[in-house]
Every structure is written in C-alpha cells, then in structure tokens.
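Trainee: Next up is a structure, given as structure tokens.
The values are calculated or read from the model by the stated rules, or taken from the named source; none is laboratory data. These figures come from a predicted structure and were not determined experimentally. Heads up, the Cβs are rebuilt from the backbone with ideal geometry, glycines too, and the neighbour counts pull from every protein chain shown. Accessible surface is based on the protein model in full, side chains and every heavy atom, while ligands, DNA and RNA are left aside. Shrake-Rupley method; radii C 1.70, N 1.55, O 1.52, S 1.80 Å.
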Amino acid sequence: APAPSTPAPTAMPATETPVQAPVAIDDSSVVAAPRQLMVDTTYNSPAGVEPVAFTLIVDESGVITAANTTVKATVEASVKFQEDFKTNLPTKVVGKKLSDLAKVDKVGKASLTTGAFNASLSQLKSQL
C-alpha cells in the first residue's frame, strides 16, 4: 500500500514581537558608554596608495580617551611611518575634545599618515 501523503509544510505568518516603549528615567548619574569611532582610508605615498585605519575612543563628553592606528601598509617604509604614527598619535589627541580638534601637527616622522588622519577627522566627528 502506498505511504500516506503528508501535506506540504505551510509557512507560518511572521509575527511581530511588540516592542516596549522606553521608559524615561531621570538619572543623571548614568554614564554613557564610551564610543568607538573608526575610519578606514588611504593616502598617496611615493610607493603608491597606502591603506590605513584610525580608531578613536571617546567618552560621553566627546573627549578622546584612546587612539589607535591600524597599520595596513605593505611597503616597508610606509609600514615604519604608520607604526611611528601609531606610537605617537595618543600623545597628540588623548584628553582633547574631538569636536575641537581641527588637525594634528606632524605625528612622529609620518607626515603623509598625519595628513590622512587630518583628512579623516570630519568622518570621525560625523560619528559622534
């Protein structure tokens, strides 16, 4: 005897989970979590186009508490300049308010990386 046919599964209608409206609480002692702002960018060097990324951590007031450079260059000289920039950038920006930072002067010996950072400031600020 043939096996009884089973009906094809029917798709269940999507159900929406009700979202509870946020409750307003007046608690000024709650500290906003630090925010991480990041930009991936490139710049032109004598060796060609070099990639680099910059990450800033800002507190609830927009003050930079940490700065990191992700070295992405592949050309040896560019790697050295990006590493020099990475080492020296925190001393130039930590403790400053990002919204007040117009540019940084040459960081270490890395003028092109500094230029890339300065060009990225508006993108970083837009993430505040």
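Trainee: Starting from the range 78-103, take each residue that is polar (S, T, N, Q) and list its partners that are in a loop (DSSP other than H, G, I, E, B), counting only C-beta distances under 7 angstrom and pairs at least six apart or across chains.
Mentor: 78/47; 82/73; 87/108; 88/108; 99/62; 99/128
Trainee: Suppose we filter 94, 58 for residues that are among the hydrophobic types (A, V, I, L, M, F, W, C), touching a strand residue (DSSP E or B) at 6+ places or on another chain (Cβ under 8 Å) and under 18 Å from residue 40 (Cα atoms); which single one remains?
Mentor: 58
Trainee: Give the residue, chosen from 74, 17, 6, 10, that is at pLDDT 60 or above, out of contact with any strand residue (DSSP E or B) (no Cβ under 6 Å at 6 or more places or on another chain) and in a loop (DSSP other than H, G, I, E, B).
Mentor: Just a single option satisfies the conditions, and that option is 74.
Trainee: Restricting to the range 104-128, give me the number of residues that are free of Cβ contacts under 8 Å to residues at least 24 places away in the same chain and touching a Leu at 6+ places or on another chain (Cβ under 7 Å).
Mentor: Final tally of qualifying residues: 2.
Trainee: Report, ordered by the first and then the second residue, all pairs with beta carbons closer than 7 Å, sequence separation of six or more or different chains, a first member in the range 31-59 that is closer than 14 Å to residue 113 by Cβ and in a strand (DSSP E or B), and a second member that is open to solvent by less than 30 Å² (accessible area, probe 1.4 Å) and acidic (Asp, Glu).
Mentor: Final answer for the pair search is 42/50; 43/50.
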